[in-house]
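Structure first, commentary second.
The values are calculated or read from the model by the stated rules, or taken from the named source; none is laboratory data. All values derive from a computational prediction rather than experimental measurement. Reconstructed Cβ throughout: ideal geometry from the backbone, glycine too, with neighbour counts over all protein chains shown.
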Amino acid sequence: MLYTYTAVITESNGTYYAKVPDINGCITTGTTLAEAITLITDALNLCLVTLEDENIKPKEPTSQSDIPHESSDILTIVQADTIKYRSATDTKAVRKNVSLPAWMVNLADKRGINCSKVLQEALLTILS
């Protein structure tokens, strides 16, 4: 699932504090602005994956103009793609039995087709 939120970044003494006010607990720090943006994007993905896993609908994004912040804060758009994030971080294989017609299995074996790989690619296409 693709989400877009606003992150608020505050610099203090060389440390960049980043948060997504709409998502409770979505906070991080970085030593540079670029690092803070990278880390808050990762934190947002992790928070949203957790909410999805718990069947909790995340809060709708607040308009940037309505987000409380100081004039020195940096507001930036952060996008999270939880399907892409899961595919990069949750790589543990799980065995799943499927039923296929015998002729299909035989032909796939003769052609050297990896049925698990084909199924993964097809599901990823459908889920994206």
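Assorted remarks:
- Condition met for residue 41 (assigned to a strand (DSSP E or B), at pLDDT 95 or above, more than 30 Å from residue 114 (Cα to Cα) and in contact with a strand residue (DSSP E or B) (Cβ under 7 Å, 6 or more places away or on another chain)): no
- A search for C-beta distances below 6 Å between a residue of region 12-24 that is closer than 14 Å to residue 67 by Cα and any residue that is buried (at least 17 other Cβ atoms within 10 Å of the Cβ) and basic (Lys, Arg), counting only pairs 6+ apart in sequence or on different chains, returns nothing.
- Residues of region 26-38 satisfying the condition of being in contact with a Leu (Cβ under 6 Å, 6 or more places away or on another chain) and part of a loop (DSSP other than H, G, I, E, B): 26
- Residue that is charged (D, E, K, R) and touching a Phe, Trp or Tyr at 6+ places or on another chain (Cβ under 6 Å), where the choices are 109, 22, 73, 53: 22
- For region 76-90, the set of residues classified as exposed (fewer than 14 other Cβ atoms within 10 Å of the Cβ) and more than 17 Å from residue 128 (Cα to Cα) consists of 77 only.
- Between 23, 77, 9, the distinction of being part of a strand (DSSP E or B) and within 30 Å of residue 125 (Cβ to Cβ) belongs to 77 only.
- In summary, residue 67 fulfils each of the numbered conditions (1) in contact (Cβ under 8 Å) with a residue 40 or more places away in the chain; (2) closer than 30 Å to residue 8 by Cα; (3) out of contact with any strand residue (DSSP E or B) (no Cβ under 8 Å at 6 or more places or on another chain); (4) of a type outside the set (Lys, Arg) with the single exception of condition (3).
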